[in-house]
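A short worksheet on the structure shown next.
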Amino acid sequence: MSNAQIAKSLAVAGPVLGIETSCDETGVAVFDTARGLLAHTLYSQIRMHADYGGVVPELASRDHVRKLLPLIRETLSRAGLAPRDLAGVAYTAGPGLIGALLVGAACARSLAWALEVPAIGVHHMEGHLLAPLLEADPPQPPFVALLVSGGHSMLVEVAGIGRYRLLGDTLDDAAGEAFDKTAKLMGLPYPGGPALAKLAESGTPGRFRFARPMTDRPGLDLSFSGLKTQVLMTYQQHAAEANAKADIARAFEEAIVETLLIKCRRALEAAGAARLIIAGGVGANRRLRAALAEAAAKEGFRVHFPRLEFCTDNGAMIALAGALRLAAGQGDDNAIRVAPRWDLETLPPVEASDAGR
Ligand code: KG4
Ligand code: ZN
């Protein structure tokens, strides 16, 4: 048998359970390449970590242990399925917090072993990257992806599923991290991104202006830590003035949004692409979505976003990414293996015909 024939004989058809436990959300979903998303559930640990001002890894792992099995039961029941109906299991194998990842990996591998179905470890950022495919009118590669989450900010050229080339990366803080740290220094609650965005809504545009980092020179890398320092200095100087906090939040958000827009334009040009997708938690930012949609309409490119709940961490994106890879015969061995750091460019490609799409 040729490699392609072997892959086809191992190919999974049917519902695939997806499990996400890389950080502070427990996400579970069932995706079927023929029938689409059948069910998804999410439990967010945000309230527990808020008391500490950030994610406490050990508490995160323990809470995944508590919540994962009940969520799997609920998701299967919403999908009208019994465990034996599953054709495969996908789980986030990295990047992420090692203890949190191990909870999902151990559970997924054990379940797959007991059900005698294949399992696959999914790259968390590939999950984010493919999340727009869960929507109507899914984007077909080639496209450029702006991935902006709490742990990563990157621009990726996507030639096909699993065919990723990194165009730009962050040199320091990720976009979500910049939102979170800036919010924290202004005394806003964790997680800072949504809190800062909400405060910015009542801010006056134009009262403050921050730099658009690394846009004055060519290149696609990002850097947000200097912006955070600029905000800190402005905040210390003006904190007592009326509406200063909201006006600073507004200027900070505008700086991030415009910087990302400039870099997206450049990335589209560098890749010769006319299609952009945005994913990851910061992709839920309304001002970013509006600015990119407006630029797309004016400048003649297309932009795709996941729905808001699939921008932040969720099980649906993991079930989808895993189902596509399992459909291409890519399940791996039974070892419970996780990768807290994992380079997206090392993933094996999935050819369109392999995945039956
Ligand atoms: O993708 P995600 O859920 O988790 C990681 O993989 O990191 O991203 C979480 C990040 C956090 O930094 C959070 O503050 C940010 O996304 N975020 C936002 C918004 N919603 C979530 N940042 C700006 N505006 C938002 N509306
Ligand atoms: Zn994420």
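The values are calculated or read from the model by the stated rules, or taken from the named source; none is laboratory data. These numbers were taken from a predicted model, which means no experiment stands behind them. Cβ coordinates were reconstructed from backbone atoms using ideal geometry, including for glycine residues, and neighbour counts include every protein chain displayed. These accessible areas exclude ligands, DNA and RNA; they are computed on the full protein's heavy atoms, side chains included. Shrake-Rupley method; radii C 1.70, N 1.55, O 1.52, S 1.80 Å.
Scan region 265-284 and tell me whether some residue there is of a type in the set (Lys, Arg), at pLDDT 95 or above and either closer than 16 Å to Leu227 by Cα or not assigned by TED's automatic domain parsing to the domain that holds Pro205 (or both).
No - not one qualifying residue is present in region 265-284.
For region 300-308, check the following and say yes or no: at least one residue is within 21 Å of Ala90 (Cβ to Cβ) and touching a residue at least 40 places away in the same chain (Cβ under 8 Å).
Looking through region 300-308, at least one residue is within 21 Å of Ala90 (Cβ to Cβ) and touching a residue at least 40 places away in the same chain (Cβ under 8 Å).
Would you confirm whether or not region 191-205 contains a residue that is open to solvent by less than 10 Å² (accessible area, probe 1.4 Å) and within 16 Å of ligand 2 (Cβ to nearest atom)?
yes
Please work out if Lys298 is basic (Lys, Arg), in a helix (DSSP H, G or I), closer than 27 Å to Pro141 by Cβ and touching a strand residue (DSSP E or B) at 6+ places or on another chain (Cβ under 9 Å).
no
Which one of these does Glu254 not meet: (1) under 27 Å from Trp342 (Cβ atoms); (2) modelled with pLDDT of 95 or more; (3) open to solvent by 20 Å² or more (accessible area, probe 1.4 Å); (4) within 14 Å of ligand 1 (Cβ to nearest atom)?
Exception for Glu254: condition (1).
Specify which of the listed residues (Gly94, Gly53) is small (Gly, Ala, Ser) and modelled with pLDDT of 95 or more.
Exactly one of Gly94, Gly53 is small (Gly, Ala, Ser) and modelled with pLDDT of 95 or more, namely Gly94.
Need pairs with beta-carbon distance below 9 Å; first residue at positive phi and at pLDDT 95 or above and within region 141-165, second within 16 Å of ligand 1 (Cβ to nearest atom) and outside any strand (DSSP E or B); sequence gap 6+ or separate chains.
Pairs found: Gly162/Glu126.
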